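Novice: Here you go, one structure.
The values are calculated or read from the model by the stated rules, or taken from the named source; none is laboratory data. It should be emphasised that the depicted structure is a prediction, and the values quoted were computed from it without experimental measurement. All Cβ positions, glycine included, derive from the backbone under ideal geometry; neighbour counts span all protein chains shown. To get the accessible areas, we keep the full protein, side chains included, count just its heavy atoms, and leave off ligands, DNA and RNA. Shrake-Rupley method; radii C 1.70, N 1.55, O 1.52, S 1.80 Å.
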Amino acid sequence: MKPFAYDRATDADGAVATVTADPDAMFVAGGTNLVDHLKLGLVTPEHLVDVSRLPLDQVTEREGGGLRIGATVRNADLAAHPLVRQLYPVLSHALLAGASGQLRNVATTGGNLLQRTRCAYFQDVTAACNKRDPGSGCAALSGWTRYHAILGTSSDCLAAHPSDMAVAMVALDAEVVVLGPDGERRVALEHFHRLPGDRPDLETVLEHGELITAVEIPPLAMARRSAYRKVRDRASYAFALVSVAAALDVQDGVVRDVRLALGGVGTRPWRARVAEEALVGGPATEAAFAEAARAELAAASPTDDNAFKIPMTRSTVVAVLSGLAGEETR
Amino acid sequence: MEADLTWRVDGVEHTLAVDTRTTVLDALRDRLGNTSPKKGCDHGQCGACTVLVDGRRQLSCLGLAVAHDGSEITTAAGLVDGDELHPVQQAFVDHDGLQCGYCTPGQVCSAVGMLDEVKAGHPSAVSDDLEADVELDEDEIRERMSGNLCRCGAYSNIVAAIEEAARA
Amino acid sequence: MTQQLDTTEIGAARGRVDARAKVTGTAPYAYEHHVDQATYGHLVLSSIARGRVTAIDATEAFAQGGVHAVVTHENAHRLADVSDGELAVLQSDRVGFRGQIVAIVVAEDPETAREAARLVQVTYDEEPHESVLDADSPDLYAPDQVNPAFETDTDEGDVEAALAEAAFTVDAVYETPVQHNSPMEPHQTVATWDHHDGRDRLVLLDSTQGVHPVRQTLAPLFALDPQQVTVEAPFVGGGFGSKGMPHANVVAAAIAAKHSGGRPVKLPLTRQQTFTLGGHRTPTVQRVRLGADADGRLDATWHEVVEHTSRVKEFAEQTAVATRLMYDSPNRRTSHRLHALDVPVASWMRAPGEAPGSFALEVAMDELAVATGVDPVELRVRNDPASDPESGHPWSQRHLVECLREGAERFGWQTGVPPRSRREGRWLVGQGVASATYPLNVMPGNEAEVEALDGGRYAVRIGAVDIGTGARTILGQIAADALGCPVGAVELSIGDTSLPFATVAGGSAGTTSWGSAIVAAARALRDEHGASPAVGAVARGVQPENPDTEQYSIHSFGAHFVEAHVDAHTGEVRVPRMVSVFSAGRIINPTTARSQLLGGMVMGLSAALHEETVIDPSGRMPNHDLAQYHVASHADIGHLEAHWLDEVDEHANPMGSKGIGEIGIVGAAAAVANATFDATGVRVRSLPLTADKLGG
Ligand SMILES: Cc1cc2nc3c(=O)[nH]c(=O)nc-3n(C[C@H](O)[C@H](O)[C@H](O)COP(=O)(O)OP(=O)(O)OC[C@H]3O[C@@H](n4cnc5c(N)ncnc54)[C@H](O)[C@@H]3O)c2cc1C
Ligand code: FES
Ligand code: FES
């Protein structure tokens, strides 16, 4: 770890000003991703601005419905929040499926969205990685890619986005509230993370110094019956091979509305728009669910190591949607 | 770069100057000689370093010490009340919930923090009904304790110990 | 028959004597000892798989300040013996695998050491390398012997003819991946050089399974008498074989301490570094061919194994050895071939040989059961040999059939249920069985000392190590019965080379080997000093040879019964229930023994469901941490039961006990694989049994 100066921010504007002014400064919140990366030498900031104690730790109801979730709300507290449990169970379930109890007690909303890929080669400074070291190549292309993405990949990067929380949020049409030197702006979460393209080092639309202050989730009645399912290599405490976040509104056997997002398979939290479109207005049957998943996955470009994610995603989508459809008719 | 830090560890206040890079775990072990939290992975992947920070279970290997100025840290060594083991510790002893002992202080702190989370009504990934009260059965304990790996495989006995401590 | 102890303490369920220190975290492990004036080491590992180091630039590292030394092959203390390629740390510019030590930084504090290590610039002359096991490689070779000293190949009868005539045959290839022991305490050492009795002395606090073995290995490297090396290991956070012999990190610590200005060096491995430096289980490709008559009686058993080995140092696992005696089969052939690669050095991991070998054989037996229509439990019973097919010796005891029968009963084994016929909600449900065996290993040369203290108390001293097995507890029980005193009257000292010589805590041999020495010392005290020895009376005992080991085949046996659930959509596997029954001689302490057996079963489940270290074409182990190399977590382990037959093996040792450290893992993965087949009808022949292999 390179030596760094440490400051604890007391107000958001000050934190933004400090980091904006210093190209070698970074925010740190829970530190569960950043400190990991400092030890691995993946990032070498000279100045850390600790935003974990900023007064952004509230979950509040928005006027007109929906929730505003402060950037420093701990993942554990968000999962346990009564309104989240009641209105957006998919979000609670996604959070609880991530990491461990200890980590969730520390990890923050903002940090979770900005956690970086678990690609083994990204995490190894001796490996070529276009994300860490633009232009150096991608060791994963000839390496081990069981955990890599099959959707949204490019010839420069296959890294999957690892967050569970973000998958639920992107299904729920969340917006990220961002504070910059010139004030606040909002970005739909769906467009917050970038596809790797030929610049895998540019992971989000944030500018240096911009601070996430909150995530807002609009009201969505059908989200009361929503689900998150995560398939992984251990029953707990493991990243997703495939995950599915869904909310479904079925009436008389017909899909009236649906939200579907995928984790573990995309280079960003993957909103399955193609599948959603295929579903709406059609029958709520296993065959239709499988067909929709197939449509979404038509664009997939798997490797030998992760080709299994195509059938696994399809069967997980079918399992989740069938479960919700079953509940709906009960 | 150094920074000053004041915190309470196992009930005792300490003020020290630490390298800003020093983690809570290393500050406890290398600076204060408190080796109760263990270093199993140093990257948040095993749970051996679990301590209670202001009453909540956390991993000390991924926390910067400087970020914990003013915190109250409790390690497994600090759970003891005089000569009396904490009920969770006693249950671990009674059920042989340990073998090599290296994951054990982390398991103990995690269990203590976990039982408080249950009391506060926090759901887990295996709680089907998010709005119902938590019933702490074996599956709930296993899921909630999954952030603490035990390579010796003492899991069955640890779960039995925690069940007993939870009943007490 | 060995003279048996009268048992009072032996057999009693006693809690661990060090439990309190462990639950409070006050028990000190190697790194945790306070040493004055400590410095901190951090290793720099090679980033190529094969070649030479051409230059090392430590300028930036030293610019940090607080860096005492950057030790490289150019300036490192020269070792007196470089014949062991793994231990010849920094003795040349050669790189033999990715993740080999190329420099050691010694600094004032751990943060500086780590950062300086990051800043050391190493340049290489890279050579082409091979890192991926290829069972069809033309370069396979037969080692002279397999671990520890078994014949590489065996051939009895005419296996080919028997296969040709068999009513039923199985012919399949089974694969097991590289696995890592991954004890929760990474390898770590504190090394100090000082002077003692006018001579140099190397003082090590080490995380090891054997203090005397470390001394014996390190002394010649540094041209020292063994007495000039002292090793202490009071508490060890698991080893599972990976700390059975000292690896390069221990030598590195001793070398580093030659460069630290006389100050102690604390050298912990990072978790990632343990993957390339701490040993691993070799991957295997195993072809098993079985031939049986219409009733499922084996006539032919042919087990061929291909493994990898490091070009730096050979390690040949005895994968097919247990197959030589497991079942009655007149015609038998086994072989081991190695593929030498530019990979880290393989070594011992819990039940080396038996664990991966039993996966192949016991799944093949399940396939034979399916082929013949004989129930898998019954098939094993039918093929139980009356004497050891390999040596021809009688068994001291072979109670596999009893284990199978009792296990089936306790588990609720169902006969005649076809595969993929049971379902509970989303889960397909299946049952699986597998047998286990593990030999009685005895390590010779152990010594113990007993001294009479006042008040009828006794000091008992032996350099044994408790790596979590409960040795510190049960050796006291053995000593108590050997001395005829209550366990509370025994003051046991272990874990230090200042104590009498002890062999490694490995091969499930610790209790037999150390315990026999303690019994000998106690008997010597009684012989020399009578029933009430004077305070200060001392006697030493050397573990006697046990002639029975030449006349009898002495093995533990076991049977595992597993219920597996496989998600009908995704293929995820869960094991809600496992019941195992063991025949392992007398159980010295039911409390710690149950934990040991359960621990082996858990590691077997973990191997079944999760464990796989990848070695990619670049020679990396990309998943070299505990977030990517998955070991079982709490949520993966369901209801487990470990039972044993109430018995005594009088041929084994004075305690009547056999080893229990390893048998729990043997066969466990096969039982899971057989249960997933029963649940799904899908036969998976490679570990681990991940969702992608069973779903879709
Ligand atoms: C062993 C392990 C297992 C895990 N398993 C899972 C899992 O299964 N699923 C899952 O989803 N996650 C998992 N995680 C990841 C975990 O969820 C993240 O580490 C965590 O959410 C990050 O939050 P933090 O507050 O600690 O972020 P930090 O580490 O503090 O920060 C992460 C990044 O975000 C930036 N940042 C933080 N807050 C802000 C802000 N408000 N504005 C702008 N920038 C900010 C930081 O500069 C940094 O670059 C796991 C982590 C570990 C160590
Ligand atoms: S040492 Fe902190 S989680 Fe492993
Ligand atoms: S007791 Fe050894 S790792 Fe848990």
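Novice: Considering every residue in B:76-87, what mean count of other chain Cβ atoms within 10 Å of its Cβ is obtained?
Specialist: Mean partner shielding for this stretch: 2.
Novice: What value, in deg cm²/dmol to 500, does the helix sum -39500 (n - 2.57) over DSSP H runs of n ≥ 4 give at 222 nm once divided by the residues of chain C? Don't skip to the answer; put the middle values down first.
Specialist: Values: 17 runs with 171 residues, N = 696.
About -7000 deg cm²/dmol.
Novice: I would also like to ask the following. Averaged across C:117-130, how many Cβ atoms of other chains sit within 10 Å of each residue's Cβ atom?
Specialist: Values: counts 1, 7, 2, 0, 0, 1, 0, 0, 0, 0, 0, 0, 0, 0.
Mean shielding by partner chains, rounded to a whole number: 1.
Novice: What residues have an amide H closer than 5 Å to that of residue C:577, excluding those fewer than 5 places away on the same chain, when H is modeled at 1.01 Å from N in the peptide plane?
Specialist: C:563, C:639
Novice: For the protein assembly as shown, just list the percent of Cα-Cα distances falling in each 20 Å bin from zero outward, please.
Specialist: 12, 42, 37, 9, 0
Novice: Between residue A:224 and residue A:287, what is the FRET efficiency for a Förster distance of 30 Å, r being their Cβ-Cβ separation, to the nearest 0.05?
Specialist: Efficiency computed from Cβ-Cβ geometry: 0.70.
Novice: In addition: Apply the Karplus parameterisation 6.51 cos²θ - 1.76 cosθ + 1.60, with θ equal to phi minus 60°, to every residue of segment B:100-111 and state each ³J(HN,Hα) to the nearest whole Hz, in sequence, with x for glycine and proline.
Specialist: Using θ = phi - 60°, the values come out as 5, x, 6, 8, 5, x, x, 4, 5, 4, 5, 5 Hz.
Novice: Roughly what would the spin-label model give for residue C:531 and residue A:184, points 7 Å off Cα along C-beta, in nm?
Specialist: Going from the residue C:531 label point to the residue A:184 one covers 9.0 nm.
Novice: OK, next. Rounded to whole Hz and in sequence order, give me ³J(HN,Hα) for segment C:324-333 from the Karplus expression 6.51 cos²θ - 1.76 cosθ + 1.60, θ = phi - 60°, writing x for Gly and Pro.
Specialist: 5, 10, 5, 10, 6, 8, x, 10, 9, 9
Novice: Given an 8 Å cut-off on Cα distances and at least 6 residues of separation, report the relative contact order of chain C as a percent.
Specialist: Once divided by the residue count of chain C, the mean separation gives 18 percent.
Novice: Between residue C:381 and residue C:33, what's the calculated FRET efficiency when r is the beta-carbon distance and R0 is 60 Å? Round to 0.05. Intermediate results must be reported in sequence, preceding the final value.
Specialist: Working: r = 53 Å, r/R0 = 0.88.
Step by step, r from the Cβ atoms, then E = 0.70.
Novice: Once the other residues with Cβ under 11 Å from the Cβ of residue A:296 are scored (Lys, Arg +1; Asp, Glu -1), what is the net sum?
Specialist: Details: positive: A:271, A:273, A:294, A:314; negative: A:276, A:277, A:291.
Local net charge: +1.
Novice: Taking amide hydrogens as modeled 1.01 Å from N in the peptide plane, which residues meet the under 5 Å criterion relative to residue A:242, leaving out close sequence neighbours?
Specialist: A:231
Novice: Can you give me the C-alpha center-to-center distance between segment B:1-80 and segment A:49-94, rounded to a whole angstrom?
Specialist: Taking the Cα centre of segment A:49-94 as reference, the centre of segment B:1-80 is 27 Å away.
Novice: I'd like to compare C:483-496, B:101-114: which one has the highest average count of other Cβ atoms within 10 Å, and what's the full order after that?
Specialist: By packing density, highest mean first, the sequence is B:101-114, C:483-496.
Novice: State in Å² the accessible area per residue of chain A; use a 1.4 Å probe, count heavy atoms of protein chains only, and round to the nearest integer.
Specialist: Numbers: 11290 Å² over 330 residues.
Ligands and nucleic acids excluded, the result is 34 Å² per residue.
Novice: Also: When the gyration tensor of chain A is built from Cα positions, what are the square roots of 5 times its three eigenvalues, in whole Å, from largest to smallest?
Specialist: Those come to 32, 25, 16 Å.
Novice: If you scale each eigenvalue of the Cα gyration tensor by 5 and take the root, what three semi-axes come out for segment A:229-328, rounded to whole angstrom and sorted largest first?
Specialist: Calculated on Cα positions only, the semi-axes equal 23, 15, 11 Å.
Novice: Considering only C-alpha atoms, what is the centroid distance from segment A:220-283 to segment C:404-466, in Å?
Specialist: That distance is 44 Å.
Novice: How many square angstrom of accessible surface are buried between C and A, both sides summed, with a 1.4 Å probe and rounding to 100?
Specialist: On the way: alone 24850 and 14150 Å², together 36340 Å².
Summing both sides, the interface buries roughly 2700 Å².
Novice: Okay, next question. What's the center-to-center distance, using Cα atoms, between segment C:1-61 and segment C:574-647 in Å?
Specialist: 21 Å
Novice: If I model a spin label as a point 7 Å beyond the Cα along the Cα-Cβ vector, how far apart are those points for residue A:125 and residue A:295 in nm?
Specialist: 4.8 nm
Novice: Under the definition of partner shielding as Cβ atoms of other protein chains within 10 Å of a residue Cβ, what is the mean value for peptide A:50-57?
Specialist: 1
Novice: From the phi angles alone, apply the Karplus equation (6.51, -1.76, 1.60; θ = phi - 60°) to segment B:121-127 and give each ³J(HN,Hα) in whole Hz, x where the residue is Gly or Pro.
Specialist: x, 5, x, 10, 5, 9, 7
Novice: Nearest 100 Å², what total accessible surface is buried between chain B and chain C (probe 1.4 Å)?
Specialist: For chain B against chain C, roughly 4200 Å² becomes buried.
Novice: Another question, then. Tell me, what % of the accessible area of segment B:2-78 is carbon and sulfur with a 1.4 angstrom probe?
Specialist: Of the solvent-accessible surface of segment B:2-78, carbon and sulfur hold 42 percent.
Novice: Got the relative contact order for chain B handy, in percent, Cα pairs under 8 Å and 6 or more residues apart? Don't jump to the answer; show the numbers that get you there.
Specialist: Numbers: 301 pairs, mean separation 38.9, N = 168.
Rounded, it is 23 percent for chain B.
Novice: Any idea of the accessible area per residue across segment B:73-168, 1.4 Å probe, to the nearest Å²?
Specialist: Per residue, segment B:73-168 has an accessible area of 35 Å².
Novice: Additional query: Over chain A, what relative contact order in percent results from Cα pairs under 8 Å that are six or more residues apart?
Specialist: Values: 761 pairs, mean separation 56.4, N = 330.
Relative CO of chain A lands at 17 percent.
Novice: Another question, then. Just grab the label-to-label distance for residue C:126 and residue C:153, each label 7 Å out from Cα along the Cβ direction, in nm (one decimal).
Specialist: Reported label-point gap for residue C:126 and residue C:153 is 3.8 nm.
Novice: What are the residues whose amide H is under 5 Å from the amide H of residue A:174, where those residues sit 5 or more places off or on another chain and H is modelled from the backbone?
Specialist: Excluding prolines and chain starts, which carry no amide H, the hits are A:189.
Novice: Once fully extended, how much extra length lies between residue C:311 and residue C:140, figured as 0.36 nm per residue of separation less the alpha-carbon to alpha-carbon distance? Show your work: numbers first, answer last.
Specialist: Details: separation 171, 0.36 × 171 = 61.56 nm, distance 1.24 nm.
Gain on stretching residue C:311 to residue C:140: 60.3 nm.
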